[in-house]
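Below is one structure, written out as structure tokens; comments come after it.
The values are calculated or read from the model by the stated rules, or taken from the named source; none is laboratory data. Computed from a predicted model, the values in this text were never measured in an experiment. Here the Cβ positions follow ideal geometry from the backbone for every residue, glycine too, while neighbour counts run over all protein chains shown.
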Amino acid sequence: FTIDTDSILKGLNPEQKKAVETTEGPLLILAGAGSGKTSVMTRRIAYLMGHHKVQPWNILAITFTNKAAKEMNERVEKLVGEAASDIWMSTFHSMCVKILRREAEKLGYQNNFSILDPEDQMAAIKQCMLDLNYDMKKFEPFSVQWKISAAKNELLGPDEFKKMAGKSLLDSVAANVYREYQHKLSGINALDFDDLIFKTVQLFEDQPDVLETYQEKFQYIHVDEYQDTNRAQYKLVNLLAKKYRNLCVVGDSDQAIYRWRGADISNILNFERDYPEANVIMLEQNYRSTSTILDAANAVIRNNTQRKDKNLWSAKGQGEKISIYAALDQADEAAYVVAKVQEHVGNGGQFRDCTVLYRANAQSRAIEEVFLQAAIPYKILGGMTFYDRREIKDVMAYLKAISNPQDEISLLRIVNVPKRNIGEGTLKRLLDFAHDNSLTLLEAMGKAEQADLGAKATEAVKKFHLLMTDLHFTQEGLSVTEFLQEMLRRTGYREMYESSPKEEDKNRLENIDELLTVTRAFDKRRRGTLADFLAETSLLSDTDKETGKKDNAVHMMTMHASKGLEFPVVFVIGAEETIFPHSRSMDTTGGIEEERNLCYVAITRAQEKLHITYCTERTIFGQLQMNDPSRFLDELPEELVEKSGSDFQVVPRWEIGLRVRHPQWGIGVIMDMTGKDDELELEVTFQSRHGTKKVKPKTTKLRVI
Ligand code: ATP
Ligand code: MG
């Protein structure tokens, strides 16, 4: 292939150019938001191929989402053409699936292994807890799941975990469940998300020849968002890079936002220790945002103590001030967003320019309702999405159970959907029978007559077994779409909804048809096997999943999911204490600082205009709350913001009888006033046990309500 290297380097600033041209040896690109880190990584890959004639299959690029990988691939393709399709560009998880599909047998798995999503994982954990007779009221399965996941991210197997675990009862329960759970997973030929990386690391550590094959393959390795890698990911990258040491990592320690999920910022901070010969490049020009937005972000992040200050600047001009809106409640907040979106579109802008960011998925509902009423097209990234719908999960469970006949979790989900008269008791007996005879559940179903079930149940089970085994053999030779249609017909799944008079079931049919659109696109793209299709869909991360097909729509997502993205107009909603920063983060300085990183990420998504809103009153998780405005708002320089709001008062006019709210003492009424201006003192009787107190508005955050 011939590639024009001039076009690859065109428009880069000197530091960016240096980063692209430094192709050999370890390279660390450390820079703030919007400075072109991801763009540089993309161009560097093109440059490796164009200038150094590196073969595309010798290049690996790891991105944070599949979507980011796809975008990067498209950009590289523009620069180098078709050959781009031979580069491995993917998330950590997708990359590991690709490796494990080839090497599964070396780990004692079959290559049609199932990938458990968090819901399947929870089902498996609960089963294990039942088997071990643990009281699930006393020991939260969710906490157990969390601990197991954390252990895997730290590369601790059940034995190591047991040794390292704390002394608490929950830890010892988790350790036992962990062992049982791994046993179950290998029995059903399944891996959970964390296993994908953990097992790949184990494979590389235990089998040096396998590792060497991949070291030879991936001679040039790139990792975006390196600040958010966890222990297991770090190990994986560093094993692969050990031989050629051509490792380029890109990141920004101010954007580390996944510590709560095991990410370890020291991975990026210690890069120069790991690779003393490393080149380090800092990028200082931001190409994304106006200087107003950038200065605001810089001012906020400066409140973090554990950081090196950066010198990020923008040549995009001042632009508009940041609008801060004090809403009465969520409805008012949503109405503000709608009005501003309409204003933007009225002035010739597009819906797709706008994005709404929030701290918790639960905040999206209020906005969604108002968007629907106002007929504003929107799409939600993450949260409850297409793949979380019941009918889609059912169909996927069928496909998983057919592709991997050992997959008991999926089998149990669909055995009685539609109704096949196979009851709980029958299943319990079958599971015991399977266990006693070392059979998989499906195998046990095949021998139902030996399981002492009674004639009717035996017949039902045998019929189901025949159906599933038959389907298993039917998949060969058919495309995924053809097979899916066949499966929907023969299992009676489609018929179940077709014969239903309920309106919502018509919706479900539409969703199933939508899934057929997905499989058609898959067949057209790569004509892979059913197992390939399942792997691809089960690995969709939060940001890859979106509701709605509309192209020109307002985006809605959590701040976490917005990492790496950019939009002309950004709304950050719910800027209130306990919402953002989140109440969970408030106990520790580290917690608050990570929230501040998240604030930095959110602000720096905006290119032209940033709106921030908060509510004086909100109902969330079913409770009425009154929160103070987020501390991050106080950190924004006055001259960069303009404030407005339904109840906004610059200095409240204090008067006797006014209802006020104090951050600690709650709601009260002003009974008396003495002094003037800065010396003004109010006597307030609080509803709480605090009774009557003297308060100086000058020094206390007192609000009129
Ligand atoms: P983040 O930290 O948010 O991930 P980033 O450092 O990865 O940001 P990019 O997303 O690569 O930054 O780039 C931000 C924007 O700046 C993109 O729109 C990109 O196209 C643009 N950009 C980067 N470098 C240049 C350049 N030299 N000239 C013009 N535009 C540029
Ligand atoms: Mg980036």
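Could you please find all residues in the stretch 559-616 being small (G, A, S), part of a helix (DSSP H, G or I) and within 15 Å of ligand 1 (Cβ to nearest atom)? Give the derivation first.
Filtering the stretch 559-616 for residues small (G, A, S) gives 561-562, 564, 574-575, 583, 585, 590-591, 602, 606.
Now drop any that are not part of a helix (DSSP H, G or I), which leaves 561-562, 583, 585, 590-591, 602.
A561, S562, A602 - these are the residues of the stretch 559-616 that are small (G, A, S), part of a helix (DSSP H, G or I) and within 15 Å of ligand 1 (Cβ to nearest atom).
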- Query: Just checking, which of K316, K340, K308 is part of a loop (DSSP other than H, G, I, E, B), modelled with pLDDT of 95 or more, on the phi < 0 side of the Ramachandran plot and more than 16 Å from ligand 2 (Cβ to nearest atom)?
  - Reply: K316
- Item | Residue that is farthest from the chain's Cα centre (by Cα), among those in the stretch 6-59 that are of a type in the set (D, E, K, R) and near ligand 1 (Cβ under 10 Å from one of its atoms) | K10
- Determine, yes or no, whether S364 is of a type in the set (S, T, N, Q) and either crowded, with 23+ Cβ neighbours inside 10 Å or touching a Pro at 6+ places or on another chain (Cβ under 8 Å) (or both). no
- Note on the structure: Note on the stretch 216-240: residues more than 15 Å from T38 (Cα to Cα) and within 16 Å of ligand 2 (Cβ to nearest atom) are T229
- Message: Regarding the stretch 641-660, can at least one residue be identified that is touching a Pro at 6+ places or on another chain (Cβ under 8 Å), touching a residue at least 24 places away in the same chain (Cβ under 8 Å) and among the acidic types (D, E)?
- Response: no
- Message: When you check L516 against the structure, is it surrounded by fewer than 21 Cβ atoms within 10 Å (Cβ to Cβ) and among the aliphatic types (A, V, I, L, M), yes or no?
- Response: yes
- Near pairs, Cβ below 7 angstrom, 6+ apart or cross-chain, from the stretch 7-36 (over 12 Å from E284 (Cα atoms)) to any residue that is of a type in the set (A, V, I, L, M, F, W, C) and assigned to a loop (DSSP other than H, G, I, E, B): V20/L12; P26/A278; L27/A278; L28/A278
- Hey, can you tell me all the residues within the stretch 601-641 that are buried (at least 23 other Cβ atoms within 10 Å of the Cβ) and within 16 Å of ligand 2 (Cβ to nearest atom)? V601, A602, I603, T604, R605, A606
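Being touching a residue at least 60 places away in the same chain (Cβ under 8 Å) and surrounded by fewer than 20 Cβ atoms within 10 Å (Cβ to Cβ): is that true of Q207 here? Give the derivation first.
Values: touching a residue at least 60 places away in the same chain (Cβ under 8 Å): yes; surrounded by fewer than 20 Cβ atoms within 10 Å (Cβ to Cβ): yes.
Judged against the criteria, Q207 is a match.
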- Of the residues in the stretch 57-74, how many are of a type outside the set (S, T, Y) and outside any helix (DSSP H, G or I)? 5
- Note on the structure: Restricted to the stretch 37-56 and to residues being assigned to a helix (DSSP H, G or I), of a type outside the set (S, T, Y) and touching a residue at least 60 places away in the same chain (Cβ under 8 Å), the residue surrounded by the fewest Cβ atoms within 10 Å (Cβ to Cβ) is M41
- Query: How many residues, within the stretch 253-277, are within 16 Å of ligand 1 (Cβ to nearest atom) and in contact with a strand residue (DSSP E or B) (Cβ under 6 Å, 6 or more places away or on another chain)?
  - Reply: 2
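Considering the stretch 108-122 alone, what residues qualify as being surrounded by fewer than 18 Cβ atoms within 10 Å (Cβ to Cβ) and either more than 21 Å from N176 (Cα to Cα) or touching a residue at least 60 places away in the same chain (Cβ under 8 Å) (or both)?
Passing the criteria: G108, Q110, N111, P118, E119.
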- Task: Could you check, for the stretch 272-282, whether at least one of its residues is more than 16 Å from ligand 2 (Cβ to nearest atom) and without any contact (Cβ under 8 Å) to a residue 12 or more places away in the chain?
- Result: yes
- From the residues in the stretch 241-276 that are farther than 19 Å from G32 by Cβ and of a type in the set (D, E), which one is surrounded by the most Cβ atoms within 10 Å (Cβ to Cβ)? D264
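With respect to A83, determine if the residue is in contact (Cβ under 8 Å) with a residue 40 or more places away in the chain, part of a helix (DSSP H, G or I) and among the small types (G, A, S). Steps first, answer last, please.
Details: in contact (Cβ under 8 Å) with a residue 40 or more places away in the chain: yes; part of a helix (DSSP H, G or I): yes; among the small types (G, A, S): yes.
So A83 fits the description; yes.
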- Of (1) at pLDDT below 95; (2) under 22 Å from G564 (Cβ atoms); (3) over 24 Å from the mean Cα position of the chain (by Cα), E71 satisfies all except one. Which? (3)
- Filter the stretch 279-317 for residues that are polar (S, T, N, Q), within 12 Å of ligand 1 (Cβ to nearest atom) and under 29 Å from L247 (Cβ atoms) and give the result. Q285, N286
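Residue-by-condition table, conditions (1) buried (at least 17 other Cβ atoms within 10 Å of the Cβ); (2) within 16 Å of ligand 2 (Cβ to nearest atom):
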residue	(1), (2)
L539	yes, no
S562	yes, yes
S585	yes, no
T588	no, no
E593	yes, no
C599	yes, no
- Among the residues of the stretch 415-430, how many are in a helix (DSSP H, G or I) and closer than 17 Å to M468 by Cα? 2
- Message: When the residues of the stretch 241-257 are narrowed to those that are touching a Gly at 6+ places or on another chain (Cβ under 9 Å) and not in a loop (DSSP other than H, G, I, E, B), which ends up farthest from ligand 2 (Cβ to nearest atom)?
- Response: L247
